[in-house]
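Enquirer: This is the structure I have questions about; it appears just below.
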Amino acid sequence: MSVVTSPPSTHTPAYGHTGGGSVWTRPGWWRALLWTILAAALAIAVPALVRVIVGWPWWQYEVMSTCLMIATPLGFLSGIGCFDYWGKYIVGSPLPEGHADHGAYSWRDYFKVNTDHKVIGIQYLVTTFVFFLIGGMLAEAFRAQLASPSNTYFTHDAYNGLISTHASIMIFLFIIPAFAGIANFVVPLMLGAEDMAFPRLNALSFWMLPTAGLIMVASLIWGGFNTGWTGYATLSTHDPTDQGTFFNMGVQFAGTSSILTAVNFIVTILTMRAPGMTLSRMPLLVWANLTTSALVVLGTPFIAASQFMVMFDRVMHTKFFNVADGGSTIMYQHIFWFYSHPAVYIMMLPGFGIISEVISVMARKPIFGYRALAFSTVSIGVLGFSVWAHHMFVAGLQPWLRVPMMVTTMLIAVPTGIKIFSWVATLYNGVINLATPMLWAMGFLFTFVIGGLSGIWLAVLPIDIQVSDTYFVVAHIHYVLFGGSVFTIFAGLYFWFPKITGKMYNEKLGKWHFWLTFISFNATFFPQHYLGMLGMRRRVWTYDERFADWNLFISMMAFVLGAATLIFVYNAIISWWRGEPAPDNPWRALTIEWQVSSPPPIFNFDGAPRVVGGPYNYGQPGAKHVVFEEAPVTAAHH
Amino acid sequence: MKRIAQFIALGTVLGLVLSAIFIWIVDWFPTEGSQQSKNNFPLFIAITYVSFVIFAIVLVAMGYSLWKFRRGGPSDMRDGDPTHGNTLLELSWTGAALLVVIFFAAWGAKVLDDNEAHAANDRVITVHAYSFAFAYQYDSDGGFTRTDGLYVPVGKTIVLHMVTPLFTPGTKNLEVIHGFWVPEWGVKQDATPGVVGKTVGTTYVKPTRIGDYEVQCTELCGSGHGEMHFKNIHVLSQAAFDKWLTQAKALAEKVRAEAAKTPGLAVFNSAGCGGCHTFTPAKSGGTTGPSLDDVSQDYTRAKETSKTEAANLTGFIRESIVDPNAYIAKGYAPNIMPTSFGSSLSATQIAALVGYLAKGGSGP
């Protein structure tokens, strides 16, 4: 696979790439293996020693598994080299050259700690797609179970494990980080920045992700944690299958990864824009990532807290959620949803940004209502924090809180509606190129309108009370997160594939992928609205006989949906390996990332970018968003 | 502007046709079984129409552009019209969206209010949600508890308080959240541990149609969640209900008298055993777990297959209460019965219960 991102430069990597010493002492996989094993040994030995000294049995499952899941990831992260530079800095050792870990000169560099935002972007995308496939296979497994109400392929606990790990992997290890991957690659380029503000922090954020993912996937070996991705107390503090720590700690590492990335984006976007890049000249993807990052920084600590509290209740016998001892069960839901509702926008706003880029370029028109789109993004972000309790309308919420939460929830439909109408208006009088990225964007409009409208249904209290915890909700979240987020991820991947890999994807396979996915997606999820309304509740391994035909149909369509994804995987691999070389700007776009080579130079720009106009001035002859001035900015830093 | 009017007109027609198909042909709302679902129905219908119309307008506008404004081919280098927006249009759709959501929010609040209309003298029933069964306590009728289903009269508002059993402080509280949902009634309420109040954790229903309905647990509650649905919600005519109530009270009185003499039966009732287990002497009819009428046969079977180390029937029953997964009766799944009884019941209580069950329900 040719993944070298630029012609060889005079810059010679010194550290990390060729570092001296034995494989066991220099950063890399061998040292990571060694340190992981050492950390695991310590995680057992220390508590065992303490327990023996105080006269308790040396082994206790909850304690040991918790210590293991805290220590081994840290051992791995240290071993692979995430902390080497900082460590040397702190103890005063000689520091390697600042850009020593920057850029990929061989495919091996993608498997090392690398500080180049483009390498990190690719690392994110490939990793998240591996988890996407794992999460998808889990879904196919439980759809097989659901093909008939009398199937018994899995035990009840295993079934609950499948649905819980499916949702957790898709949310925490695919959708959220896949957007972070796209943004990592694209946003610094769009801003005219050489890299992210904190490249080493960026590398650490990435490496936490496979760590979090392995923790969640590892739980499958023992049947999977099975409290649902919502992990409601007291089911999660009671934890009938002893798998809760996998979810708790997986969320901690994925969450920390996202907080660090968000801080990085906020600082990068606010301080590293090229000269002339005023806020009102920022591409909408940048606005979207700025807002999303604010949501992540403000919201994610809440889910972290909720998972720590659950873990403490279980491992240390604290009483946060134990009513008999003065705890509160419903408190968990408040804390959890205070993050997890904004999380819906964390999973959607970056997608909105991608759609704005794709539609404007592919319709050859300025985006309709730039200011309204940017403002609606920010207002969704703000309103997003005032609606969390709509997940709790049947939970035993204070009755007075319900109507205000319904109203704020419904108000979010207004900025969302503005976006939809603006995108549709952008198409009008355009010159539309219906290439694969645009097909996905159009597919997104179709499915997301359905997901948005069913969201209004769910906001209306009496309807919510009828359909919450049913397949109607399952249909809604998949219309929003699959028909919404995943469709935009595909739109973005096809759109930037030439820029990221330097190769064109196969257009024919891209279209097959789209149409098969679009049809099977709607066939899988639309009937679920109907089933939920009539009485099929979610998270059950069996259901009433009268729903059998529809479920069989849904399962078959879900298998088609899975098969369609394989077309993408094949297309991506084959095109990356031996596709047509991509031109620098195949879509004739104005934003900065398209004005550099495909793939971009290792330090992004050969000249200093200066922004001279808006990002979407299509239809105005000679319009420019950016010009490059003589001196290569990067040289100054060496 | 003329084009926009055309999109709206065509979209409206298409949307109305689609809604009509879903409402009248697919028929995707459950049978109306209560005043609440009657109140919901016009709201559901209206939101269906409005949703399909909005969807169709977007689809028509998008479809028109995709059909009309396509590029000629890869060599077509034209750009589109450089319009950046249209303030009037943007304000109009913002206003329209705002009107739609305010309208439905107001209507939703009104329906919610109607759905919760009740009077001080309405019959109050406490729904005890266990892992994995429901029991119904008739608070307004003397407080007796039924584990074989919910019996209510047609045309009368019922106030349902949801509760989960609470354990004594300091013991491990293993009760989890359950949900109570009868789809035909259009109401749903979770039983969240610790959420008990006059209005919190309460739902109101006025059944309007005589018949038998299914109740489902709607909150993931562990291994037995899939099985936690029971077709034992009975809406009776007033006369039939009155007759049932008289019998139920007499039965409850009989059981209470027996329980006074039989501490084991008192424990059986207070721990909610009957919610899941049939035991004829205690007049319980639960079907989630194995029938306790057959407990001695289960012991024999367990002994024959060497699956229990209990020396005698008493030991076997004690083991099954304190450590339910030690032996699983044929045809049942593990991890369904709570493992908490060993800590939530006192030693005296367990002894009384074991003795009661071992003797087939006779004697103290």
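The values are calculated or read from the model by the stated rules, or taken from the named source; none is laboratory data. Note that the structure is predicted; figures quoted are calculated from it, not measured. In this analysis, Cβ positions are derived from the backbone assuming ideal geometry, glycine residues included, and neighbour counts consider all displayed protein chains. Areas reflect the complete protein model, heavy atoms only, side chains present, ligands, DNA and RNA absent. Shrake-Rupley method; radii C 1.70, N 1.55, O 1.52, S 1.80 Å.
Enquirer: Sequence gap at least 6, Cα distance under 8 Å: using those rules, report the relative contact order of chain A to the nearest whole percent.
Expert: RCO, chain A: 15 percent.
Enquirer: Give a residue-ordered list of calculated ³J(HN,Hα) values for the range A:244-260 (Karplus: 6.51 cos²θ - 1.76 cosθ + 1.60, θ = phi - 60°; whole Hz; x for Gly, Pro).
Expert: So the J values, rounded to whole Hz, are x, 4, 4, 6, 3, 6, x, 5, 4, 6, 5, x, 4, 4, 6, 5, 4.
Enquirer: Okay, next question. Which of B:Asp76, B:Asp190, B:Asp141 moves most in a GNM of chain B, Cα contacts under 10 Å?
Expert: Of B:Asp76, B:Asp190, B:Asp141, the most mobile in the Gaussian network model is B:Asp76.
Enquirer: Excluding residues fewer than 8 places away in the same chain, name every one of the aspartates and glutamates whose C-alpha is closer than 16 Å to that of A:Lys508.
Expert: A:Glu580
Enquirer: Which far-off residues, 5 or more places away or on another chain, put their amide H under 5 Å from the one on B:Ser34, with H placed in the peptide plane?
Expert: B:Thr208
Enquirer: Per residue of the range A:217-232, what does 6.51 cos²θ - 1.76 cosθ + 1.60 with θ = phi - 60° give for ³J(HN,Hα)? Whole Hz please, x for Gly and Pro, Karplus curve as stated.
Expert: 5, 4, 4, 4, 4, 9, x, x, 5, 9, 9, x, 6, 7, x, 4
Enquirer: Let me ask something else about it. Could you name the lysines whose alpha carbon sits less than 21 Å from that of A:Lys112, not counting residues in the same chain fewer than 8 places away?
Expert: A:Lys88
Enquirer: Can I ask one more? Rounded, prolate or oblate for the protein assembly as shown? Axes are the square roots of the Cα gyration tensor eigenvalues, ordered a ≥ b ≥ c, and the cut-off for rounded is a/c under 1.5.
Expert: oblate
Enquirer: Return a single number: how many Lys pairs in the range B:123-237, at a sequence separation of 8 or more or on separate chains, have alpha-carbon atoms below 26 angstrom apart.
Expert: Taking the Cα cut-off of 26 Å, the pair count is 9.
Enquirer: Given axes a ≥ b ≥ c from the Cα gyration tensor, I'd like to know whether the range B:262-358 is rounded (a/c under 1.5), prolate (a/b larger than b/c) or oblate.
Expert: rounded
Enquirer: Using the Cα centre as the reference, give the magnitude of the dipole from point charges on the C-beta atoms of the range B:123-237 (Lys, Arg: +1; Asp, Glu: -1; all else neutral), rounded to the nearest 20 debye.
Expert: Dipole magnitude for the range B:123-237 comes out near 300 debye.
Enquirer: For a quick check, take a GNM of chain B with Cα springs below 10 Å and name the residue from B:Lys261, B:Lys68, B:Lys303 with the largest mean-square fluctuation.
Expert: Maximum among the listed residues: B:Lys68.
Enquirer: Identify which of B:Met162, B:Met62, B:Met77 has the largest mean-square fluctuation in a Gaussian network model of chain B, with springs joining Cα atoms closer than 10 Å.
Expert: Most flexible of the set in this elastic network: B:Met77.
Enquirer: Counting alpha carbon pairs within less than 8 Å and at least 6 residues apart, what relative contact order, in whole percent, applies to chain B?
Expert: Computed value for chain B: 14 percent relative contact order.
Enquirer: Enumerate the lysines that A:Lys118 could reach by cross-link, defined here as Cα to Cα under 16 Å, with residues fewer than 8 away along the same chain left out.
Expert: Reachable lysines: A:Lys499, A:Lys503.
Enquirer: Name the helices (complete DSSP H segments) of chain B with a Cα length along the long axis of 20 Å or more and a Kyte-Doolittle mean of at least 0.0, or state none.
Expert: B:2-20, B:35-68, B:87-115
Enquirer: Using per-residue counts of other Cβ atoms within 10 Å, averaged over each peptide, order B:16-25, A:50-59, A:175-184 from highest down.
Expert: Per-residue Cβ counts within 10 Å, averaged per peptide and sorted highest first, yield A:175-184, B:16-25, A:50-59.
Enquirer: Which value at 222 nm does chain B reach when only helices count, each DSSP H run of 4 or more adding -39,500 (n - 2.57), with the total divided by all residues and rounded to the nearest 500 deg cm²/dmol?
Expert: Per the formula, -14000 deg cm²/dmol.
Enquirer: Related question: List the relative contact order of the range A:13-98 as a percent without decimals, with contacts defined as Cα pairs under 8 Å and 6+ residues apart.
Expert: Taking the mean separation of contacting Cα pairs over the length of the range A:13-98, I get 37 percent.
Enquirer: Within 10 Å of each Cβ in peptide A:610-620, how many partner chain Cβ atoms are there on average? Round it to a whole number, please.
Expert: 2
Enquirer: In what sequence, largest accessible area first, do B:Cys217, B:Cys276 appear using a 1.4 Å probe?
Expert: So, going from the largest accessible area down, we get B:Cys276, B:Cys217.
Enquirer: While we're on this one: Could you list which residues have their amide H under 5 Å from that of A:Ala104, counting only those 5 or more apart in sequence or on another chain, with H placed in the peptide plane?
Expert: Here A:Thr5 satisfy the definition.
Enquirer: Of the peptides A:211-223, B:177-189, A:588-600, how do they stack up when ordered by the mean number of other Cβ atoms within 10 Å, highest first?
Expert: The most tightly packed comes first, giving B:177-189, A:588-600, A:211-223.
Enquirer: From the phi angles alone, apply the Karplus equation (6.51, -1.76, 1.60; θ = phi - 60°) to the range A:384-389 and give each ³J(HN,Hα) in whole Hz, x where the residue is Gly or Pro.
Expert: Running phi through 6.51 cos²θ - 1.76 cosθ + 1.60 with θ = phi - 60° gives x, 8, 10, 10, 4, 6 Hz.
Enquirer: Could I ask something else about it? For the range B:211-271 and the range A:36-114, what is the centre-to-centre distance using only Cα atoms, to the nearest Å?
Expert: 56 Å
Enquirer: Let me ask another. Residue by residue through B:50-63, how many Cβ atoms from other chains fall within 10 Å of the Cβ on average?
Expert: Taking the mean over all residues of the peptide, I get 4.
Enquirer: Report, as an integer, the average count of C-beta atoms from other chains found within 10 Å of each Cβ along A:388-396.
Expert: The per-residue average across the peptide is 5.
Enquirer: Using amide H atoms built in the peptide plane, which far-off residues or other-chain residues are under 5 Å from B:Val187 H to H?
Expert: Hits under the 5 Å cutoff: B:Val182.
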